[in-house]
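To keep things clear, I will list the structure first and then write my remarks on it.
Every number in this text was worked out from the coordinates using simple rules, so none of it is lab data. Note that the structure is predicted; figures quoted are calculated from it, not measured. Cβ placement follows ideal geometry from the backbone for every residue including glycine, while neighbour counts extend to all protein chains displayed.
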Amino acid sequence: MSDALDTAAKPIKKPKRVLPEHFKSYKGVWVFIEHEHGHPHPVSWELLGKGRELADKLGVELAGVLLGGTGGEVAALVKDVGAYGADLCYVARHPVLDDYRNQPYTLGMTELVNTYQPEILLLGATTQGRDLAGSVATTLLTGLTADCTGLDIDPGDRSLLSSRPTFGGSLMCTIVNLATRPQMATVRPRVMPMPARVPDRPLRVVEHALQLDESAIVTKVVDFIPDARADKPQLPFADFIVSGGRGLGKPENFALVESLARTIGAEVGASRPAVHAGWAEVERQVGQSGKTVRPKLYIAAGISGAVQHRVGMEGADVIAGINLDPEAPIFDFANYALIGNVTELLPALEQAFARRLAAARTRRANPAEETV
Amino acid sequence: MHIAVCIKQVPDSAQIRVHPVTNTIMRQGVPTIINPYDLFALEEALRIKDRTAAKVTVLTMGPPQADDALRKCLAFGADEAVLITDKVFSGADTLATSYVLAAALKTLDAREPVDLVFTGKQTIDGDTAQVGPGIATRLGYQLLTYVSKIRELDADSRRILVERRAEGGVQVLESALPAVVTMLEGTNEIRFADMPGMFRAARQEVERWNRDAIGVDLAKVGLKGSPTVVAQVFGPKPKAVKAFRVAGDTPAAMAEAFVDRLFADYPHLEEAMLEHLEQVDRQGAKE
Ligand SMILES: Cc1cc2nc3c(=O)[nH]c(=O)nc-3n(C[C@H](O)[C@H](O)[C@H](O)COP(=O)(O)OP(=O)(O)OC[C@H]3O[C@@H](n4cnc5c(N)ncnc54)[C@H](O)[C@@H]3O)c2cc1C
Ligand SMILES: Nc1ncnc2c1ncn2[C@@H]1O[C@H](COP(=O)(O)O)[C@@H](O)[C@H]1O
């Protein structure tokens, strides 16, 4: 997330609430390390990156929390927890934790929180993280802010400032929890940048023995059917994206977006109205209730740049907006403004890119000519 | 079998305003709909009703106007509807919302045992996907989130077998009733409400339950029972550097100028694009 939406680092005026004395013993920032079938979810590393920043501001330790089975997969992940910035890692291994299931993971996580008392607990807003976060927060009777797009620390009272778009309009809000601990938040994949991996950073490991009993766990995993990777758009990890919005006017025009995307090897994205109109599949929606993306280049065609769209794509390195309206909000945060009609500019861009790429290919094929 | 479906009435558009003093949303004058995600939950419940003659009760916590949304559910085929409404419930975050809904479900269960609770995946206004897990945790029911398919359901053996969308695959889970199922979108399509259904819905009584009817602790509901509070509302800030306005008399000229400028400013982009395209070609050749 760019700094544009992060709250300024000055104390903000809050409703009057005082943190009860006994909560002041809660210390440290925790990140739940999510994995499924031996694959860590990258959102956990992204959260360690942000968690490092928060922990440094507070002057406390950053911990990763790893729950899992007794096979090798947990041990393999511990090293990464250190490499992505944690000071320590809490590890709880038990055969009951082999596959993710709500009940045993909630039991394990709440026991760890009650034992070691972190002030902040962050989880990915994934199907696993949201499933677990809701149950853990409810069990602990603490506050949870879902799907945050910015996290910061209030320098005044050291509370966690969680920002997210507010309902409708083009506004953001900052949410605080001045009543309970830990302060919990979930963050969607790709919202926070991936931190650098520093191998061999020192890491303390705290093994915690959980008393769990399979016969007390009601839900059983009967099967796991892995997705065929290829058949779904991989928008969150695409380097180039061309997205279309309501400004395209009709479904035929959305084909212009697809055509430019094909020429430059980009994935196709869409705003919510474009998805609602049936011009693009649900998986292609970018924004607060769609995917968060961090491409090298994002071209927004006929998209106004409403805050719910913006929070999903402003992590892009370079943003180009195509819009008839020079005052469109997209130009408040784009790098390039192409003011004009999408139906004319998209084909023109396709040609310009095609010519340029063809020339570059020729140069590549005959490197000798260039040096002459 | 008795199935409860939690639905929420939500504003239909993005035109909602925020109250400048209380920082809560102002709902006046905005058209409302049933949260679209909840229709998948309702339809799934109605399909079970079609197969097994189950009874379907819909519930919502909301203002008196939410009566409309419940009547629509009755028109689709739900048997009974309960509106949980009380001014002390307003301003609730997910913790306080799940507390009230769980209390209402307990009240319903005492009257006629509840086997299965459905919620939508998330709401389009709150957008948290946390209320379903909250309800299950409070009631001690099994939680099955992001369910794309109910493969088997048997009231006698209290068994349920579902497919759940997990990260990187589908989990097949076997569990026991009572359970809370949060239904994934796109898994079914809501039926049409027929004329007899609409007439029945217009006449039928929608029960109203307030704080006394569901016996709640006032410290745990509404704004007071919500640990998370909005501290500030702000507009997104423009970037320090304004967007570079690409000049050009014709679309073609503007496009050429843009591509030149882009690759001059970010030379690595051209390399990356070429390499990516070559990779795509190679993959295409393999298939
Ligand atoms: C809870 C919630 C969640 C939401 N989640 C998302 C989300 O995930 N993703 C999302 O995108 N939105 C989301 N929205 C909706 C969001 O608020 C905006 O309504 C939406 O992003 C607007 O889409 P748009 O830019 O395509 O359409 P519009 O706002 O209608 O903009 C169309 C733009 O196209 C321009 N235009 C028109 N004709 C042309 C032309 N011929 N050539 C060039 N330009 C033209 C117009 O000037 C305008 O700027 C959400 C809203 C809410 C309340
Ligand atoms: N006020 C409410 N009344 C009834 N059900 C609700 C209410 N709020 C949320 N829900 C249910 O919980 C689901 C998730 O909501 P949310 O956590 O707000 O995204 C929704 O799809 C509804 O099924």
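Calculated mean residue ellipticity at 222 nm for chain A: -9500 deg cm²/dmol, from DSSP H runs with n ≥ 4 weighted as -39500 (n - 2.57), summed, divided by the residue count and rounded to 500.
Using the Cα gyration tensor of region B:2-220, with a ≥ b ≥ c the square roots of its eigenvalues, what is the shape: rounded (a/c below 1.5), prolate (a/b larger than b/c) or oblate (neither)? Display every interim value, and only then the final one.
Numbers: a/c = 1.40, a/b = 1.30, b/c = 1.08.
Rounded.
Among A:D152, B:D68, which comes first, then next, by fewest other beta-carbon atoms within 10 Å? Could the numbers behind the result be given before it?
Numbers: A:D152 20, B:D68 13.
The fewest-first ordering by Cβ neighbours comes to B:D68, A:D152.
Helix B:94-111 and the longest principal axis of the Cα set of chain B meet at an angle near 30°.
Relative contact order for chain A: what percent, with Cα pairs under 8 Å and sequence separation of 6 or more?
On the way: 749 pairs, mean separation 55.8, N = 372.
Reported relative contact order: 15 percent.
Where Rh is the Kirkwood radius over the Cα pairs of region A:7-216, the temperature 20 °C and the viscosity 1.002 mPa s, what D in µm²/s does Stokes-Einstein return? Write down the numbers at each step before the final one.
On the way: Rh = 17.3 Å.
D, rounded to a whole number, is 124 µm²/s.
Within the shell of other residues whose beta carbon sits under 15 angstrom from the beta carbon of A:A274, the net charge comes to 0, with Lys and Arg scored +1 and Asp and Glu -1.
With only alpha-carbon atoms in the gyration tensor, what are the semi-axes of the equivalent ellipsoid for region B:33-101, in Å, largest first? Numbers along the way, then the final one.
Numbers: eigenvalues 113, 31, 23 Å².
Whole-Å semi-axes of the equivalent ellipsoid: 24, 12, 11.
For chain A, the longest principal axis of the Cα atoms and the long axis of helix A:342-365 meet at an angle of about 90 degrees. For B:K149 and B:D67, FRET efficiency with R0 = 35 Å and r from the beta-carbon atoms, rounded to 0.05? Once rounded, the FRET efficiency stands at 0.60. Under 5 Å between amide hydrogens, built in the peptide plane, is the criterion, and for B:R159 it picks out B:D154, B:L177 among residues at least 5 positions away or on other chains.
Please figure out what share of the DSSP beta bridges in chain A is antiparallel and state it in percent, rounded to the nearest 5. Walk me through the numbers on the way to the answer.
On the way: 10 of 55 bridges.
Roughly 20 percent of the beta bridges in chain A run antiparallel, per DSSP.
With R₀ set to 41 Å, the beta-carbon distance separating A:E21 from B:E112 gives a calculated FRET efficiency near 0.35.
Excluding A:H94 itself, what net charge comes from residues whose Cβ is under 10 Å from its Cβ, given Lys and Arg +1 and Asp and Glu -1? Result for the neighbourhood of A:H94: -2. With neighbour counts taken as other beta-carbon atoms within 10 Å, the residues A:H309, B:H276, A:H37 rank, fewest first, as A:H37, B:H276, A:H309. Annotation: amide H-H contacts under 5 Å for A:W30 (H modelled 1.01 Å from N, sequence separation of 5 or more, or interchain): A:A63, A:I120, A:L121, A:L122.
Net charge in the neighbourhood of A:D332 (other residues with Cβ under 11 Å of its Cβ; Lys, Arg +1, Asp, Glu -1) is +2. Computed from Cα positions, the angle between helix A:42-58 and the longest principal axis of chain A comes to roughly 70 degrees.
Our summary of shape: the Cα atoms of the protein assembly as shown have principal axis extents of 87, 65, 54 Å, ordered from largest down, in whole angstrom.
Among A:F353, B:F234, sorting on how many other beta-carbon atoms sit within 10 Å of each Cβ, with the fewest leading, yields B:F234, A:F353. Note: chain A, Cα convex hull, 184 Å³ per residue. For region A:235-368, the Kirkwood radius over C-alpha pairs fed into Stokes-Einstein at 4 °C and 1.567 mPa s yields D = 88 µm² per second. Model label sites at B:D249 and B:Q283, defined 7 Å from Cα along the beta-carbon direction, differ in position by 4.3 nm.
Around the amide H of A:D227, modelled in the peptide plane, lie the amide H atoms of B:G169, B:V170, all under 5 Å away and 5 or more residues distant in sequence or on another chain. Mind telling me which of B:P238, B:P31, B:P267 comes out most flexible in a GNM of chain B, alpha-carbon contacts under 10 Å? Of the options given, B:P267 has the highest mean-square fluctuation.
For chain B, averaging the sequence separation of C-alpha pairs within contact (under 8 Å, six or more residues apart) and dividing by the residue count gives a relative contact order of 21 percent.
Taking the Cβ-Cβ separation of B:E185 and A:R364 as r and a Förster radius of 41 Å, what is the calculated FRET efficiency to the nearest 0.05? Write down the numbers at each step before the final one.
Values: r = 45 Å, r/R0 = 1.09.
The calculated FRET efficiency here is 0.35.
Measuring nothing but how far apart in sequence close Cα pairs (under 8 Å, 6+ apart) lie, relative to its length, region A:16-163 scores a relative contact order of 25 percent.
Coupling constants for region A:105-116 follow from the phi torsions by the Karplus curve (6.51 cos²θ - 1.76 cosθ + 1.60, θ = phi - 60°), and in residue order they are 5, 5, 4, x, 5, 5, 5, 4, 4, 5, 7, 9 Hz; glycine and proline get x.
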